[in-house]
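Structure first, commentary second.
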Amino acid sequence: MKYAVACLLIWCWQVTNGMAFVADTGAVKDVLGNGALLPPAATYKAYRVSDTAAYELQLALDQDNRPLYYYRHIFTPVCYTGECKPVYINLYWDLLGNYIRYDLPAGEVLTKLNHKEFKPEDYAKLQEILLKPNSLLADLAITDLIVPGTENLTDSVDAHTGATLKTIKNEVISGAVYTCYTLWHMAHGPVTDEIMRITDTYINPALLHRFLSSGNYAYQYKALERVMDKSGKIKPGFEDDIRALINGKNIFIARHTLQQVHPGFITGAKAQAWLWDTYSRSSYPLQLTVLRKLSTVPLSDAMAKHLATACTTANEEQFRLIITALQATPGLPETVMQQLAAQLKSPDTGKAAAIHAFLLQHQPVNHTIKTMIYEYEQTHPSAEK
């Protein structure tokens with residue numbers, strides 16, 4: 001859980017292109033022990049949000065007026081037990097409306113039933129609860145959860161939700177059910193759509209470049225929607241960003257980007273020289289994506305030679321995809337055909353048979369290649385002629 005929390009909390013820093021964190025000097029109580037996890041802001045811009053919580057939404061901006069993150073200082077009374085408990089809390093979101101963290105104003109604490117203060121583990125569990133965008137709390141009314149006038153989970157929760165009481169207990173803090181419910185809906189309610197609307201007004205090439213280089217996959221997917229059209233054609237000026245994503249450490253965003261990009265992006269000798277270098281350094285899943293993509297474009301002579309050579313060490317799936325890519329390119333160089341013909345002597349009978357069929361289909365005229373085919377057929381009488 002700590003690792004997942006840390007990954008999500010670092011999003012806001014990543015989008016600032018490495019801006020250093022500055023410790024908070026006592027303005028808030030960092031109940032999670034995170035130190036300063038949000039980058040410093042030069043100014044804040046206030047927005048009114050049309051939801052049930054009439055609190056201004058603050059957009060933090062850096063000294064260059066670039067958006068950093070959103071936050072809200074919230075006071076809400078918790079009155080379901082008949083006795084109001086004031087809750088003062090600051091909620092933070094990234095630029096796409098994803099909740100990232102909370103903290104408390106100086107001197108404030110959160111309390112449970114009978115004014116018992118939260119323990120450290122309660123603060124940590126609240127963060128875990130608020131980080132879940134798909135919580136069971138999303139589709140529940142508070143009356144589905146607790147007995148009127150108490151913080152006790154209602155016995156009828158099973159009938160209302162189809163979920164077990166044990167499952168519901170994992171979504172809340174005992175003695176603070178109403179607080180968990182209220183804060184979750186504040187963190188994931190209409191404010192998230194408002195954040196997206198505001199951020200859209202700041203979208204420009206500079207912000208899209210920041211999103212693409214942020215390392216935050218949510219930002220990257222958002223930016224990809226803006227810089228690639230439905231056919232995968234890239235807006236001028238973003239080609240290097242796309243190459244960086246494909247070469248990046250996130251295998252999921254790399255594969256998605258390569259799958260979606262227009263075939264023209266990898267057409268030509270220069271583009272395919274880069275793609276082969278990518279293939280050579282990539283993990284196996286991305287290698288398969290590269291090979292599948294190559295079947296959609298004509299191969300350069302150099303790429304065709306690389307693929308023919310790779311056949312010798314390719315596993316069954318790689319070999320199949322290589323042959324498919326070579327098959328899709330008419331007029332292969334004679335040197336490539338010779339490379340393949342030399343592999344007719346491979347001890348891997350399946351590969352040799354596939355190469356034999358491939359060569360027959362291309363009807364080579366080179367005498368050396370025809371001799372290799374003939375010799376193969378003499379030792380494999382069942383080979384198709």
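The values are calculated or read from the model by the stated rules, or taken from the named source; none is laboratory data. Quick caveat, the model's predicted, so the values are computed rather than measured. Virtual Cβ from ideal backbone geometry, glycine too; neighbours counted across all protein chains shown. We work out accessible area using only protein heavy atoms, side chains counted, and drop any ligands, DNA or RNA first. Shrake-Rupley method; radii C 1.70, N 1.55, O 1.52, S 1.80 Å.
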- prompt: Going by the conditions given, is A271 among the aliphatic types (A, V, I, L, M) and over 25 Å from W93 (Cα atoms)?
  reply: yes
- request: Mind checking which helices (runs of 4 or more DSSP H) fall wholly inside region 175-278 and carry at least 3 residues that are open to solvent by less than 50 Å² (accessible area, probe 1.4 Å) and free of Cβ contacts under 8 Å to residues at least 60 places away in the same chain?
  value: 177-188, 217-227, 239-246, 251-260
message: Yes or no: region 39-60 includes at least one residue that is open to solvent by less than 60 Å² (accessible area, probe 1.4 Å), on the phi > 0 side of the Ramachandran plot and either modelled with pLDDT of 90 or more or not in a strand (DSSP E or B) (or both).
response: no
message: Checking the condition within 20 Å of P298 (Cα to Cα), of a type in the set (V, I, T) and either in the same structural domain as L286 (by TED's automatic domain parsing) or open to solvent by 60 Å² or more (accessible area, probe 1.4 Å) (or both), which residue from T335, T368, T379, T313 passes?
response: T335
field: Only listed residue being open to solvent by 30 Å² or more (accessible area, probe 1.4 Å) and either at pLDDT below 95 or part of a loop (DSSP other than H, G, I, E, B) (or both), chosen from G107, G97
entry: G107
query: Does A163 satisfy the condition of being modelled with pLDDT under 75 and either open to solvent by less than 20 Å² (accessible area, probe 1.4 Å) or among the small types (G, A, S) (or both)?
result: yes
- request: Answer yes or no as to whether T289 is on the phi < 0 side of the Ramachandran plot, in contact with a Lys or Arg (Cβ under 6 Å, 6 or more places away or on another chain) and among the β-branched types (V, I, T).
  value: yes
Those residues of region 119-160 which are at pLDDT 85 or above, outside any helix (DSSP H, G or I) and in contact with a strand residue (DSSP E or B) (Cβ under 7 Å, 6 or more places away or on another chain), in sequence order: L131
task: Answer yes or no: is there a residue in region 68-89 that is over 18 Å from R197 (Cα atoms), under 28 Å from the mean Cα position of the chain (by Cα) and modelled with pLDDT of 85 or more.
output: no
task: Restricting attention to region 354-365, report how many residues are over 45 Å from the mean Cα position of the chain (by Cα) and open to solvent by 100 Å² or more (accessible area, probe 1.4 Å).
output: 2
